[in-house]
Amino acid sequence: MGEGFFGLDIIVFALIAGFLVYRLRSVLGRRHGEERPRPNPFAIDRGAEGVPDNVIPMPDRGRGGVDSSATDQDQAFSLAAGLARVKAADPGFEEKSFLQGARGAFSMIVGAYAGGDTGVLRPLLSDPVYESFAAEIQRRVAAGERHETTIERVKDADVLEAGVDGRMALVTVKFVSDQVMTTHGPDGKLIDGDPDRLLEIIDIWTFARDTRGGNPNWSLVETRIPN
């Protein structure tokens, strides 16, 4: 009788385990080999030798990407500690409000860059990033090119990294958005992109703010392509 109950327990536990696996898969989804970053809007073509032909060079502050070898738990603890340091340096910092502002800045910067509006870009970017953006805008103007980017929606905006370097608070955000991007030549003909194709774009941007300065606004100091 005891052995019968023991066997029944095994069957019940197996059924429960199978149900939990099914629920996890339905919530988290399955990888099907197509989850990969889409083309970065600031890196149009890498050329035959892998060197970008038309890339907006961003300042290299010596910080690498998220360590893919670290566990999710390690990254969570590291992020929490980084956010705590930002909060300590800037007591007014609140992650939810920051991400709302970052979403707005993302849309403004992408739109202004596409439209060549340096007046909008100037207060939102650090000096090195602004100079890089402005140089590419000038190149497009000289070439008679017209670039258009339409953000259909920003699907996700999540903090990847946070910390404090001296008096500067730094927060890195991963944006996932649906965009339509096209470039037209001097004659108005389409030379790149597809106006009818919606692309999922992944951008990783780092924002910074002087916690001891009087300016409460954050500036974009770096962009990078996901690893």
Loop-resident sites, the range 152-218, for trypsin sites (Lys or Arg not before Pro), counting at most 12 other Cβ within 10 Å (DSSP)
Arg167, Lys189, Arg197, Arg212
On a straight-distance basis, which lysines could pair with Lys87 in a cross-link, Cα separation under 29 angstrom, same-chain partners fewer than 8 positions away excluded?
Lys96, Lys155, Lys174
Can you tally the net charge around Trp205? Count Lys and Arg as +1, Asp and Glu as -1, for every other residue whose Cβ sits under 9 Å from the Cβ of Trp205.
0
When only Cα pairs under 8 Å and 6 or more residues apart are kept, what is the percent relative contact order across the range 72-224?
21
Chain lengthening between Ala81 and Ile202 when straightened (0.36 nm per residue, less Cα-Cα)
41.1 nm
Two-site label geometry, Thr150 and Ser107: point separation in nm, points 7 Å out along Cα→Cβ
1.5
What fraction, in whole percent, of alpha-carbon pairs in the range 72-224 exceed 18 Å separation?
62
Once both labels are modelled 7 Å past Cα along the beta-carbon direction, what's the Lys189-Asp165 spacing in nm?
4.5
Mind listing the phi-derived Karplus ³J(HN,Hα) values for the range 202-219, rounded to whole Hz, using 6.51, -1.76 and 1.60 with θ = phi - 60°, and x for any glycine or proline?
10, 10, 10, 10, 10, 10, 9, 8, 6, 6, 10, x, x, 8, x, 7, 9, 10
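Every number in this text was worked out from the coordinates using simple rules, so none of it is lab data. Quick caveat, the model's predicted, so the values are computed rather than measured. Cβ coordinates were reconstructed from backbone atoms using ideal geometry, including for glycine residues, and neighbour counts include every protein chain displayed.
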